[in-house]
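First comes the structure, then the notes that go with it.
The values are calculated or read from the model by the stated rules, or taken from the named source; none is laboratory data. The model shown is predicted, which means the values in this text are computed figures rather than measured ones. Note that we place each Cβ from the backbone using ideal geometry, even for glycine, and neighbour counts take in every protein chain shown. Just so you know, the surface numbers come from the protein's heavy atoms only, side chains and all, with ligands and any DNA or RNA stripped out. Shrake-Rupley method; radii C 1.70, N 1.55, O 1.52, S 1.80 Å.
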Amino acid sequence: MGRGRIALILVAMTGVVPALAQSPIAISSQVESGWTSNATDSAAGGEDFYVTHSHDLSLTGRTDNLLLRGSLSISQTRFATTQFEDDAAVTGAVEGELALGADAVLRLGYAVTQNWTGDDLGIGALVVPVRSSETQHEYLAEFTLRGIDQQVVVAVTGDWALPGDSVLDGLGLPPLRLPPIVGSVAGKVNWERALTPNLAVLTGMEAWFTLIPEVDQLTYLRAPADGGRVSAGLRLADGTWTAEGKGGVDLVWPKGFSALTRTMPYIAVAASVVPMAGVTLAASGETGVELADPADGVAGRTAAIDLGATWMLMPEVTLSASLAGQQEWGLFDTDLVRSVRMAALGARYAVSERFTYRAMLTWSRHAEPDEQYDKAGLALSLRGDF
């Protein structure tokens with residue numbers, strides 16, 4: 001399923017809490033300039049230069065048992081030639097964390113994002129610029145109860161995407177809405193218990209519900225689907241390495257048609273190791289279910305794998321390399337397949353605690369049901385944290 005931007009914002013803000021203990025305000029900015037071989041992300045795409053800048057402002061307030069966080073994020077991408085692909089986004093988020101005693105915490109969060117995106121529509125050999133907007137609302141409610149050797153997390157998340165009208169330049173058509181309105185609600189219960197200092201058992205249950213207005217189901221031939229997951233596994237850690245593995249069952253069915261339920265195995269594994277000082281190797285893989293934007297208009301089966309390595313040459317210089325692959329099959333039309341293969345090389349140079357330079361070389365191959373294309377890129381960026 002699509003992962004909301006709110007989770008990234010809240011996790012990122014949690015990571016800067018120690019710094020915010022000294023100052024309630026945190027600001028970060030990044031400017032990136034680079035070259036891409038495929039500006040339109042399509043088979044007809046050509047090379048172009050671009051500039052992206054993003055800025056994040058967060059404010060935190062704390063009392064004895066209450067923590068409030070708020071953030072504002074702005075990002076913008078501009079291309080030198082392919083200007084109809086220019087993008088912009090503004091996100092506002094707020095989170096409250098209430099301690100209900102020494103061992104229980106309640107978190108509530110909300111985020112709203114306004115996107116303005118440029119894209120292209122291929123009609124034969126003709127490329128039609130498309131300018132669109134979308135508003136996304138995201139919600140989070142999470143309760144955590146911790147014991148001496150165990151933890152229980154109960155969470156409910158919601159995501160509601162409201163696409164606006166799109167303008168197709170040069171066709172003389174009035175603005176029209178291209179994608180359907182799609183909402184989703186997910187609930188989960190996870191339990192973790194430490195059996196030894198190095199070993200923990202993990203169990204979990206999830207339920208997913210997709211919401212699409214009836215008129216959109218008919219107009220866009222988009223059928224909502226529901227599903228769920230039951231899983232269990234182990235986490236091990238021993239000095240320089242960690243490993244985690246979970247297995248279970250995924251169930252998916254079109255809403256209102258439980259007789260069409262599909263049952264699939266669920267597998268998730270992750271491991272990291274430090275073979276020598278300054279070097280970290282990591283690998284992860286997971287199967288899943290796509291309900292937000294499935295290839296067959298109902299639901300998709302997904303699989304992903306990531307391999308990564310980092311090498312800290314010196315405290316201020318770090319090199320990195322990664323390989324990744326993702327693939328989705330239509331769950332009710334298995335002939336529909338889309339995939340992405342990616343590779344990246346990077347170098348990071350920390351000028352100081354606040355300023356960091358980074359260079360990235362990337363390559364990817366994209367396969368859609370109706371087209372296939374490659375994309376390469378080179379990016380140089382500067383990030384500042386204040």
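A few comments on the model shown:
- Region 2-35 - residue that is surrounded by fewer than 15 Cβ atoms within 10 Å (Cβ to Cβ) and at pLDDT 50 or above and, of those, farthest from R354 (Cα to Cα): S33
Every residue, every condition in (1) under 28 Å from S322 (Cα atoms); (2) touching a strand residue (DSSP E or B) at 6+ places or on another chain (Cβ under 7 Å), yes or no:
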| position | (1), (2) |
| --- | --- |
| A186 | no, yes |
| M205 | no, yes |
| A237 | yes, no |
| E244 | yes, yes |
| G247 | yes, yes |
| T261 | no, yes |
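- Among the residues examined, L221 qualifies as under 22 Å from D159 (Cβ atoms), assigned to a loop (DSSP other than H, G, I, E, B) and open to solvent by 30 Å² or more (accessible area, probe 1.4 Å).
- Within region 140-151, considering residues that are assigned to a strand (DSSP E or B) and touching a residue at least 40 places away in the same chain (Cβ under 8 Å), the one nearest to Q114 (Cα to Cα): L140
- The residue that is modelled with the highest pLDDT, counting only those in region 49-92 that are hydroxyl-bearing (S, T, Y) and loosely packed, with under 15 Cβ neighbours inside 10 Å, is T81.
- Residues of region 196-205 classified as assigned to a strand (DSSP E or B), open to solvent by 60 Å² or more (accessible area, probe 1.4 Å) and in contact (Cβ under 8 Å) with a residue 24 or more places away in the chain, total: 1
- Members of region 171-192 found to be farther than 30 Å from L126 by Cβ, without any contact (Cβ under 8 Å) to a residue 60 or more places away in the chain and surrounded by 15 or more Cβ atoms within 10 Å (Cβ to Cβ), listed by number: G183, V185, G187, K188, N190, W191, E192
- One residue stands out in region 236-270 among those that are in contact (Cβ under 8 Å) with a residue 40 or more places away in the chain and farther than 30 Å from L211 by Cβ: the one that is least open to solvent (accessible area, probe 1.4 Å), namely E244.
- Within region 36-45, the set of residues being open to solvent by less than 60 Å² (accessible area, probe 1.4 Å) and farther than 18 Å from A379 by Cβ comprises S42 only.
- Pairing each residue of region 31-57 that is of a type in the set (A, V, I, L, M) with any residue that is part of a loop (DSSP other than H, G, I, E, B), provided the two are 6+ apart or on different chains, yields C-beta distances under 6 Å for A39/G45; A39/T82; A43/E371.
- Matching entry among A295, A237, A225, A277 (being within 25 Å of A194 (Cα to Cα) and of a type in the set (G, A, S)): A237
- Spans of strands (runs of 3 or more DSSP E) in region 289-386 with at least 1 residues surrounded by fewer than 16 Cβ atoms within 10 Å (Cβ to Cβ), in contact (Cβ under 8 Å) with a residue 60 or more places away in the chain and of a type outside the set (F, W, Y): 372-385
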